[in-house]
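Read the structure below first, then the notes.
Each reported figure results from applying straightforward, stated rules to the coordinates on display, with no laboratory input. Worth saying up front: this structure is predicted, and the values here are computed from it rather than measured. Positions of Cβ are backbone-derived with ideal geometry, glycine not excepted, and every protein chain shown enters the neighbour counts.
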Amino acid sequence: MIKVFSVRLGSTKVPFGQFYGGLDGWRGMQAVYRFATDKKHFIIVPIHAYLIDHPEEGLILVDAGINWQQTHEHGDYYRGIAHYLFDEDEYQLSREEELPAALARLGYRAEDVRKVVATHLHEDHIGGLSYLPNAELVISKDEWTNRHWKLFGFLPMVYQPSLEAARKITTIDYDAGAHQNFAASHDLTADGTVKVLPTPGHTPGHLCVLVQLDGYQLLITGDTLYTLRHLANDDVQAFGAGDWVPNQNASIRQIAELRRRIPELILAPGHDHSDYQFKHLAPGLAKGGLTPEERAAIRAYEETVFTAGGRLHPEAVPRYLPGTGADHVGRVSG
Ligand SMILES: [Zn+2]
């Protein structure tokens, strides 16, 4: 039987607007300017990866999180523009949260991970490649083709030293035809239980991974959905810059449609910091899968977040709650 585990690989400090400001001016050059200058509205969000244990195909890790060097030697690790744009304390990672330790707690070894599917090539999704000596990196062809692309001609999408930690890279080109409302898909396993779906927007070739489990399906969304609430993209959007922002909204609408078509679909976001992740998803996925009771509790939770029409209930709209410390780290309501 397939198992899926949620794996917490540290945290990252982001401006509130990066997460939730897309409808509030965090767009285009404004978004980059505000990202670089807004130092008073930070939130700390977790970095989630998901481990699939497939009976025939072994261990597949979806996203690899961050590594020790990125976190604790930030200023030395990052060169060029990345050195100046990101704060020294951008990441947090304890020894217990390092990928090999997190896998060991689940009874697995980093050496045994066969494939890492990166939803996209941002730093907090590929940093952990350096812990995986035997894994092949799988990414979409569009992500690979655009790996040298620079936002506004100067901000690189990919930090090459992190990508270079990959032992072998395979690109996928969605050769398996349509799946549900997606025009194209790719089968990651021969039995069709793990599929890759294209969700461009956050980056040019962002992908999601759909896993068929016992009685339900799990969609690992990467940063197409930072959090569950981002599904309601009429109410809340992440920041965005570059040609792909409209695609991001189209991809989210496709996920919303997929959810309508598959009532037993469960969403597994990349950076959810709410009760959704920590009270519902993570405890269930700490043992490799969700029971019917846990899925029912997730449905009940979703009803407290979304209206029948798929909008956010007013009290579920994320608001920034300032902290009291000098580090300007606050919290998010709801
Ligand atoms: Zn991310």
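Points to keep in mind about this one:
- Annotation: of all residues in segment 211-232 being without any contact (Cβ under 8 Å) to a residue 60 or more places away in the chain and either crowded, with 20+ Cβ neighbours inside 10 Å or basic (K, R) (or both), the one that is farthest from the ligand (Cβ to nearest atom) is L219.
- In the set (1) surrounded by 21 or more Cβ atoms within 10 Å (Cβ to Cβ); (2) of a type outside the set (D, E); (3) more than 15 Å from the ligand (Cβ to nearest atom), the condition left unmet by M1 is number (1).
- The single condition from (1) touching a Lys or Arg at 6+ places or on another chain (Cβ under 6 Å); (2) within 15 Å of the ligand (Cβ to nearest atom) that V117 fails is (1).
- Which listed residue, of I66, I47, I81, I43, is away from the ligand (no atom under 16 Å from the Cβ) and aliphatic (A, V, I, L, M): I81
- Screening the candidates R253, R167 for the property of being surrounded by fewer than 20 Cβ atoms within 10 Å (Cβ to Cβ), more than 16 Å from the ligand (Cβ to nearest atom), under 25 Å from M29 (Cα atoms) and of a type in the set (K, R) yields one hit, R253.
- Every residue from segment 136-158 that is touching a Lys or Arg at 6+ places or on another chain (Cβ under 6 Å) and either buried (at least 17 other Cβ atoms within 10 Å of the Cβ) or part of a loop (DSSP other than H, G, I, E, B) (or both): V138, V158
For (1) farther than 29 Å from L188 by Cα; (2) touching a Pro at 6+ places or on another chain (Cβ under 8 Å); (3) without any contact (Cβ under 8 Å) to a residue 40 or more places away in the chain, each residue gets a yes or a no:
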residue: I44; (1), (2), (3): yes, no, no
residue: Y50; (1), (2), (3): no, no, no
residue: E56; (1), (2), (3): no, no, no
residue: I60; (1), (2), (3): no, no, no
residue: G65; (1), (2), (3): no, no, no
residue: H74; (1), (2), (3): yes, no, yes
residue: L85; (1), (2), (3): yes, no, no
residue: Q92; (1), (2), (3): yes, no, no
residue: E96; (1), (2), (3): yes, no, yes
